Each structure stands twice: as C-alpha cells, then as structure tokens.
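Peer 1: One structure, pasted below without further comment.
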Amino acid sequence: MPQRKKRRPLTLRDVSEASGVSEMTVSRVLRNRGDVSAATREKVLTAAKTLGYVPNKIAGGLASQHVNLVAVVIPSLANLVFPDVLSGISAELDDTPFQPVIGVTNYSLSREEAVLYDMLSWRPSGVILAGLEHSRTSRAMLEAASIPVVEIMDIDGDVIDTAVGISHLEAGRQMAAEILGAGYRRIGFIGTHMPEDHRAKKRLAGLEAALQQAGVPLAAREFYQGGSSLAKGVELTERILTREPDLDFLYYSNDMIGAGGLLWCREQGYDIPGKLGLAGFNGVDLLDGLPMRLATTDARRVDIGRRAARIVAGKEPRPESDKLILTPYFIPGDTIRSPA
C-alpha cells in the first residue's frame, strides 16, 4: 500500500530562507507586530503562502505535537446533505480521543483557505473536507500539514492524500440510463449555476455524456443562483415547462428543488410518471413527507462520513489507490416509469 508522503513540519527558517529575511522579521510579520516595511511584509507573506506555512498557536510546551481535534470543513450547514455527513463522522469518532471541530466555507474557495489557515494553526490530528477543488494555497497548507487529510463526497479528480466518496460523473451516467430505460426522450435539467458547485457540474456532465452516446441530446436547461428551496423548485419548474412544454422528464441537481417541482407539477395536474417523469439527487429525508416519493440517488452521505472518520482515527487503513469509492444507489420512488 502506498505510504502517505511524509514531510517535516515547516518552520520559520523555511519561510526565512524562501523570503530572504531573518527569522525574527518573519515572526514579526506573521504575528503582525513590529515595524516592518510593506515590501518586506509582502515578501514574507508571499513566501509563507507559497510554502503553505501556518503558524503554530499551541503553547510552547506542546509546540511539536498535535491536539486531539479533527478539522471538518464543509460548504454549508443549511444544505440538508451535510448534517448526515457530520453524524457519520461524529459516530465514528465517539469512541476515540478525537473531537470534530466544524468550519463552514459557504462554497467559497477563498473562505475555505481562511478556515483552513485558522484550523491548521491549532495543529489538529487530521482534516476532513468536502470536495477536491481547492485554491493553490489551501493545497499547499494541507500537503505541508503532515497529518491525515481526507477529501469527501467526490472522487473525480486529483487527491491530496485520501478521498472518500462517490463518482458524480457516474451518478449522472447512472441517472441517464434509468431515464432512457424508462422510455423518456425529451429531458430537461434544473440545477445550480453556482460556479463552485463542482459536484453538480460533474453529474450534469455525466448525464449529458450518456445521453449523447444514446443519441438523445439534453433538450433544455434551467439554472439558478443562491440556495436551494422548495419555492425555487416551483419557480424553475414552471419556467422550464412554460418554455419547453413538450419535455417528458426533469432531472434536478438536488432533492430540495426537485420536491418543489413535484409539488408544482401535481398542482397543475401533470400525469406523473406517465407523461412527465421527475428525479432529484441525494435521497434526503425530506422526501418521506411528499405525496409521491421522488426518484433520486442515495449519495451515501452517512457512509462517507463514517469511512472518512475511520481513516483519520486510524480505525481502517487508507485505500491502496488513495480513493475509497462508494457506489451511489438509484431509488426509483414514484416519479419514474418502470423500465420499458
């Protein structure tokens, strides 16, 4: 099994050598103390950022150690997906010395960079963070941390240390196969236009690739910005079906807007799933309260959280390929016809 890349912890001397100034000056700059010229300050901060150096906030006696905290960095607490992930992490860390500490990025790479900088300065024993897309500085900090780093939710891309998740490209391809197998041919997509929602983009890419391969191009798209809500699903579903009334299937990037679309379509008297099929993504508990069960994909959220925590806590070894790939499950519900 490949060994995790071992790097000695970065020190003030490394930043000093990279910036060409004394360690004392580096210390002054990083602690924002003392009279240092703007040019020297910029030189030191640039060197530290490039190296991925993070100052150590632990008291002197513990300066060479790590604390029993696991930094967990997620995009949102409002998104229904992440509480399940956190419950899986918490369940696996419950019988260990480790405690999770949560940071939220609001889907911003610059915000993620700031959160990681603060969290890593307390020298956690591991990091669990959502997604594979990070800024260059975030990657440098994580690579220099010399602790287990587990990226979760996605495996379609380059991994820093270890990734645990599903293939969103495959989830999109899987949904295309289910839609086509049920005999639908005029397919529309409704999803987020948020540039940082990389996983939704990958699902759309997988869907389109599989449809194109079958000679069925995606017929319509409707995008939105901001958070997901039932109201947003109602609005977008009305908009796309008013513009493209001959669509016979709508694939939503998540269950929340899919649920809103389902409620609107039932109110309008659509024949579901006979004339119009619907599907979302994630398999959240919200669907249990709907008048019809929305077709969706179980993205293995709790399992992802559990397996990531087990790797960080040393309960199970890192996967040999650096990626632990879980299989998403299609849940047909009541809104897609049986296979033709």
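Peer 1: With unit charges on the beta carbons (Lys and Arg positive, Asp and Glu negative) and the dipole taken about the Cα centre of the chain, which residue among Q225, I190, I331 sits farthest to the positive side?
Peer 2: Q225
Peer 1: Using a cut-off of 13 Å between beta-carbons, work out the net charge of the residues near L80 (Lys and Arg +1, Asp and Glu -1, L80 not included).
Peer 2: -3
Peer 1: Also, quick follow-up: Grab the eigenvalues of the alpha-carbon gyration tensor for segment 41-185, scale each by 5, take roots, and send me the semi-axes largest first in whole angstrom.
Peer 2: Over the Cα atoms of segment 41-185, the semi-axes work out to 33, 19, 12 Å.
Peer 1: With all protein chains present, how much of the accessible area of segment 256-337 (probe radius 1.4 Å) comes from carbon and sulfur, to the nearest whole percent?
Peer 2: Numbers: 1550 of 3390 Å².
Percent of accessible area from carbon and sulfur atoms in segment 256-337: 46.
Peer 1: While we're on this one: Summing +1 for each Lys or Arg and -1 for each Asp or Glu, what net charge is found among the other residues whose Cβ lies under 14 Å from the Cβ of L276?
Peer 2: -2
Peer 1: Heavy atoms only, probe 1.4 Å: what % of the accessible area of segment 151-198 goes to carbon and sulfur, would you let me know?
Peer 2: Answer for segment 151-198: carbon and sulfur cover 49 percent of the accessible area.
Peer 1: Around L230, what is the net charge, scoring Lys/Arg as +1 and Asp/Glu as -1 over all other residues with Cβ under 14 Å from its Cβ?
Peer 2: -2
Peer 1: What three numbers, in Å, describe the spread of the alpha carbons of the chain along their principal axes, ordered from the longest?
Peer 2: 73, 44, 35
Peer 1: A further question on this structure: Where the only charges are on Cβ atoms (+1 Lys, Arg; -1 Asp, Glu), what is the dipole of the chain about its Cα centre, to the nearest 20 debye?
Peer 2: On the way: 40 positive and 41 negative charges, 210 e Å.
For this selection, approximately 1000 debye.
Peer 1: If you don't mind, there's one more thing I want to ask. So how tilted is helix 301-312 from the main axis of the chain? Cα-based, degrees 0 to 90, rounded to 10.
Peer 2: 20
Peer 1: Now for a separate question. Might you tell me the accessible area per residue for the chain, computed with a 1.4 Å probe and given in Å²?
Peer 2: Averaged over the residues of the chain, the accessible area is 45 Å².
Peer 1: Follow-up question, since we're still on this one. What residue among E238, E133, E42 shows peak mean-square fluctuation when the chain is described by a Gaussian network model with Cα springs under 10 Å?
Peer 2: Of E238, E133, E42, the Gaussian network model singles out E42 as fluctuating most.
Peer 1: Sum -39500 (n - 2.57) across every DSSP H segment of at least 4 residues in the chain, then divide by the residue count to get the 222 nm mean residue ellipticity, nearest 500.
Peer 2: -12000 deg cm²/dmol
Peer 1: How long are the semi-axes of the equivalent ellipsoid of segment 162-295, taking √(5λ) for every eigenvalue λ of the Cα gyration tensor, in whole Å from largest down?
Peer 2: So the three semi-axes of segment 162-295 are 21, 18, 14 Å.
Peer 1: Listed highest first by mean packing, meaning other Cβ atoms within 10 Å per residue, what order do 155-162, 258-265 come in? Could the numbers behind the result be given before it?
Peer 2: Working: 155-162: 18.1, 258-265: 25.0.
My ranking of the peptides, most packed first, is 258-265, 155-162.
Peer 1: Can you pick out the pairs among K232/K275; K201/K232; K201/K315 whose Cα atoms lie more than 26 Å from each other?
Peer 2: K201/K315
The values are calculated or read from the model by the stated rules, or taken from the named source; none is laboratory data. Being a predicted model, the structure only gives us computed values, none of them experimental. All Cβ positions, glycine included, derive from the backbone under ideal geometry; neighbour counts span all protein chains shown. SASA here: full protein model, heavy atoms, side chains in, ligands and nucleic acids out. Shrake-Rupley method; radii C 1.70, N 1.55, O 1.52, S 1.80 Å.
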